[in-house]
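Data block below; observations after.
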Amino acid sequence: MDTAYQNFFKHQSGFPRFKAKYDRNQSYQTYQGVSFSYDKSKLYLPKMQEGIKCIFSRKIEGKIKTCTISRNPAGEYYVSIIVETEGSYPEPPAIKPVD
């Protein structure tokens, strides 16, 4: 700690920052057992029979790989869902040589 302040006052580095012992963003991640119902606007997680009421920003298509529920410091909850879809990627545009 003393070295950090000495380097700061010698203009060799910036002001020392204290790191939090715990992560400020709380999150829960699951890899299996996630399902959802659009007509009921609910997301079902493992060990939760009644589900979580939520608003879907778009229709989820494909196999769910990961579901992360995170809470920000303001107390708001967000769900991030990673899905695996079947299909092909678009062809990259052809590169024309410069003459």
TODO: Taking A94 as meeting all but one of (1) of a type outside the set (K, R); (2) exposed (fewer than 11 other Cβ atoms within 10 Å of the Cβ); (3) in contact with a Phe, Trp or Tyr (Cβ under 6 Å, 6 or more places away or on another chain), write down the number of the exception.
DONE: (3)
Task: Only listed residue being of a type outside the set (V, I, T), more than 30 Å from Y22 (Cα to Cα), in a loop (DSSP other than H, G, I, E, B) and in contact (Cβ under 8 Å) with a residue 24 or more places away in the chain, chosen from E61, E50 - done: E61
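Can you tell me which residues in segment 63-72 are within 11 Å of the chain's Cα centre (by Cα) and either farther than 12 Å from L43 by Cβ or not aliphatic (A, V, I, L, M) (or both)?
The answer is T66, C67, T68, S70, R71.
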- [ ] Please determine, by comparing only the residues of segment 45-58 that are within 18 Å of the chain's Cα centre (by Cα) and not hydrophobic (A, V, I, L, M, F, W, C), which one is nearest to E84 (Cα to Cα).
- [x] R58
TODO: May I ask you to verify whether G75 is within 17 Å of the chain's Cα centre (by Cα) and not in a strand (DSSP E or B)?
DONE: yes
Task: Any chance E86 is exposed (fewer than 10 other Cβ atoms within 10 Å of the Cβ), in contact (Cβ under 8 Å) with a residue 24 or more places away in the chain, of a type outside the set (A, V, I, L, M, F, W, C) and assigned to a loop (DSSP other than H, G, I, E, B) - done: yes
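Readers should treat all values here as calculations from the given coordinates under stated rules, not as data from a laboratory. Predicted, not measured: the structure shown is a model, and the values here were computed from it. FYI the Cβ positions are ideal-geometry reconstructions off the backbone, even for glycines, and counts take in every protein chain you see.
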